[in-house]
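Structure, as structure tokens:
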Amino acid sequence: METISYEYGDALYVNLTNRCDCACIFCLRNNGHKGSIYADDLWLEHEPSREEALKDLLSRDLSRYTELVFCGFGEPTYRIDDLLWLVDELKKAVPHLPPVRINTNGHANLIHGRDVTPGLAGRIDVLSISLNGSTPEEYVAVTRPREGAKAWDAMLDFTRSAAQYVPTVMMTIVNKDKTPEEIEACRRMCERLGATLRVREYIPD
Ligand code: SF4
């Protein structure tokens, strides 16, 4: 059974695609998606059309969630046009739509070959961008992007542009194997880009 949306905590998560231009060493997509209930449920044999996704979302009482999060088991911005269309339709249909967040690797402009960030204005409230490393070398080693080190620059440029249009832009990093100096360097870099660093606790399997 394919899952387009699912509850986690008080939020509703939306899963539109399994495509991604990265192969992060920690991602279940690359560790074989079979064998994990979570992964099996989120593995889409076909991507839902935007109409199918809208129908799924409107079947829920959206006003009871604290947040609507485009995330899932792939990079949601592969479908940025459908995602923004969905937000527009939901805003028209739901009087009290909760804040909308995208969890992303920040490669949208690289993937699409254009600056998609102006389209986020007035639609996306929060962006959470995976930083995953304090240097380009570490980033590439951990996330293994198709375009190599170019993806690091693209992710930073995307963050800087998006910060002009999205009220809250966070970059996330896991504290495992990070010295306080490295975390501080990440924090300064985020601030220069107009984002806030969020340090997540490492949770072992
Ligand atoms: S960016 Fe996200 S979906 Fe893509 S490989 Fe990394 S963890 Fe997985």
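The values are calculated or read from the model by the stated rules, or taken from the named source; none is laboratory data. Note that the coordinates shown come from a computational prediction; the quantities given were computed from them, not determined experimentally. As a convention, Cβ positions derive from the backbone with ideal geometry for all residues, glycine included, and neighbour counts pool all protein chains shown. Ligands, DNA and RNA are excluded from the accessible area calculation, which covers all protein heavy atoms including side chains. Shrake-Rupley method; radii C 1.70, N 1.55, O 1.52, S 1.80 Å.
Here are the numbers:
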read-out	value
Cys with no candidate disulfide partner in the chain (beta-carbon separation under 4.7 Å rule)	Cys20, Cys22, Cys71, Cys186, Cys190
Restricting the stretch 147-196 to trypsin sites (Lys or Arg not before Pro) in coil, as DSSP defines it, with at most 15 other Cβ within 10 Å	Lys176
Net dipole in debye of the chain [+1 Lys, Arg Cβ; -1 Asp, Glu Cβ; about Cα centre; nearest 20]	360
Shape category assigned to the stretch 136-198 from the gyration tensor of Cα positions, a/c cut at 1.5	oblate
Principal-axis tilt of helix 180-193 within the chain, Cα atoms, nearest 10 degrees	60
Share of carbon and sulfur in the accessible heavy-atom surface of the stretch 1-139 [1.4 Å probe, %]	52
Cβ-based charge dipole, the chain, positive-most Cα from Gly106, Gly72, Ile25	Gly106
For the chain, calculated [θ]222 nm from helices alone, where every DSSP H run of n ≥ 4 adds -39500 (n - 2.57)	-10000 deg cm²/dmol
Anisotropy class of the stretch 5-200 from Cα gyration tensor, a/c 1.5 cut	prolate
GluC sites (Glu not before Pro) within the stretch 149-205: DSSP coil, no more than 16 neighbouring Cβ in 10 Å	Glu201
For the chain: accessible area per residue (Å², 1.4 Å)	50
